[in-house]
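Structure first, then comments.
The values are calculated or read from the model by the stated rules, or taken from the named source; none is laboratory data. In this text, all values refer to a predicted model and were calculated from it rather than measured experimentally. Note: ideal-geometry Cβ built from the backbone for every residue, glycine included; neighbour counts use all protein chains shown.
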Amino acid sequence: MIRTVLLGVGNSTSALVQGLEYYKTNNSKPGLWHNLVGKYGVSDIELVGAYDINKNKINSDVSEAIFTSPNQLEEYVKLKNCGIVVEKGILEDDVNTNLKSSIDISTNSTEAFKKSLLEKKPDVILNLISSGLDATSKKYAEIAFEVNSNFLNATPTNIANDEKIINDFKNKNLILVGDDLMSQFGGTAFHKGIMNLINERGIRVNKSYQLDVGGGLETNNTLDENLRAIKRKVKSSTIESELPYDVQTVSGTTDYVDFMGNSRTNYFWIEGDSFLGSKITFDIYLRSKDGPNAGGLLLDLIRGIQYSRDLNESGNIKELSNFGFKSTLFDNKLRNSYKEFFNKYIVN
């Protein structure tokens, strides 16, 4: 079993926990990207711990906490009490106004958190806390290292791109992957994919932009000006990297709409030059759910980390970071990234 700990019990965690139940007895149901990653199925993932700083979620069973406000992902699966009680996480940052107004914060000491984590003996720790809590994310990575656990960083915090942190994990024979989770079929993946297709069909892309509007705590949190600028830079950079030439691209969250819940609308505008210099312009909408877009990818990454451990790999695993994240150390063109992951982890 892959003993897994979740840091942050938000909408992505809700989708992941519901997905574990939904697919554990029937992996032929639609939506599961890969039935097996390496030798591992969904039923090989065992949830052993969960932590949050939202007072309303702490001391609740995970099966209840994932539906506690401000979470807004609907109930896809009737869950039984799973026996995992949400415990207090830590906080090393000043919280921005948008996040502070959304939750009542309650935290643990670093020592107590570490002691609790040691008792669980996790194989993989997933960092799914709110974006912008950089000091907290780095402290979580440090503690994961200290308790001998592999670490997945879904936040934009620079962790799996930090050479010192990578070398620390590698020297201890541990795996570190990230940064900034890319949804299974969200705005960034779609934008990269359509740019790749346009280019391969002989059209030269001149410029593009992507505007995102959504509900949920993470979108509201992202409207903090500093965080919005960071995420826009990361998104724009990873989209631009898809093409072999320079292109003007802007991508980012533009607004928060409370009643959208966990839904997101992405609007794409792309302009390119075709035969004889004639213009081709795309106006495209994509509507999806943030939680499920993350959940399916997380199931693959957890299993991929464990399989890489079986191969005695350590440090930042290129095939996993390129496959699942927006910000990586490597050339991560979408099609190549998927092929590299498939060739290594999907055993025929």
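If the requirement is being surrounded by fewer than 20 Cβ atoms within 10 Å (Cβ to Cβ), in contact (Cβ under 8 Å) with a residue 24 or more places away in the chain and not basic (Lys, Arg), which of these qualifies: Leu217, Leu197, Leu243? Outline the logic, then answer.
Working: Leu217 fails: surrounded by fewer than 20 Cβ atoms within 10 Å (Cβ to Cβ); Leu197 fails: in contact (Cβ under 8 Å) with a residue 24 or more places away in the chain.
The conditions single out Leu243.
Would you mind stating whether Ala160 is of a type outside the set (Asp, Glu), more than 24 Å from Lys289 (Cα to Cα) and in a loop (DSSP other than H, G, I, E, B)? Explain how you work it out, then say what you get.
Numbers: of a type outside the set (Asp, Glu): yes; more than 24 Å from Lys289 (Cα to Cα): yes; in a loop (DSSP other than H, G, I, E, B): yes.
Taking the combined requirement at face value, the residue satisfies it.
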Margin query: Any residue in the range 327-339 that is touching a residue at least 24 places away in the same chain (Cβ under 8 Å) sitting within a Cβ distance under 9 Å of a residue that is in a loop (DSSP other than H, G, I, E, B) and small (Gly, Ala, Ser)? List the pairs, counting only those 6 or more apart or interchain.
Written below: Ser327/Ala160; Ser327/Gly178; Thr328/Ala160; Thr328/Gly178; Leu329/Ala160; Asp331/Ser241; Asn332/Ser241; Lys333/Ser241
Item checked: Residues that are farther than 19 Å from Asn54 by Cα and in a loop (DSSP other than H, G, I, E, B), drawn from the range 1-17 -> Met1
Item checked: Qualifying residues in the range 85-101 (those that are among the hydrophobic types (A, V, I, L, M, F, W, C), under 16 Å from Gly10 (Cβ atoms) and outside any loop (DSSP other than H, G, I, E, B)) - the one modelled with the highest pLDDT -> Val86
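Return the total of residues in the range 111-157 being in a helix (DSSP H, G or I) and over 21 Å from the mean Cα position of the chain (by Cα).
Residues that pass the stated criteria total 11.
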Notebook entry, point to check: Among the helices (runs of 4 or more DSSP H) contained in the range 273-348, which hold 2 or more residues that are of a type in the set (Ser, Thr, Tyr), within 19 Å of the chain's Cα centre (by Cα) and closer than 18 Å to Asp180 by Cβ?
Noted result: 334-345
Notebook entry, point to check: Of the residues that make up the range 1-13, is at least one closer than 18 Å to Gly304 by Cα, within 19 Å of the chain's Cα centre (by Cα) and surrounded by fewer than 19 Cβ atoms within 10 Å (Cβ to Cβ)?
Noted result: yes
Notebook entry, point to check: Does Asp246 satisfy the criteria of being part of a strand (DSSP E or B), out of contact with any Cys (no Cβ under 7 Å at 6 or more places or on another chain) and modelled with pLDDT of 85 or more?
Noted result: no
Margin query: I'd like to verify a number: residues in the range 166-188 that are within 20 Å of Leu329 (Cα to Cα), buried (at least 22 other Cβ atoms within 10 Å of the Cβ) and either modelled with pLDDT of 95 or more or not hydroxyl-bearing (Ser, Thr, Tyr) (or both), how many?
Written below: 9
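Test Asn161 against the stated conditions and say whether it is assigned by TED's automatic domain parsing to the domain that holds Asp134, at pLDDT 90 or above and among the polar types (S, T, N, Q).
Working: assigned by TED's automatic domain parsing to the domain that holds Asp134: yes; at pLDDT 90 or above: yes; among the polar types (S, T, N, Q): yes.
Yes: the conditions hold for Asn161.
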Check: Would you say Ser63 is out of contact with any Phe, Trp or Tyr (no Cβ under 6 Å at 6 or more places or on another chain) and outside any loop (DSSP other than H, G, I, E, B)?
Finding: yes
Check: Filtering the range 55-86 down to residues that are free of Cβ contacts under 8 Å to residues at least 40 places away in the same chain and touching a helix residue (DSSP H, G or I) at 6+ places or on another chain (Cβ under 6 Å), which residue is farthest from Tyr140 (Cα to Cα)?
Finding: Asn81
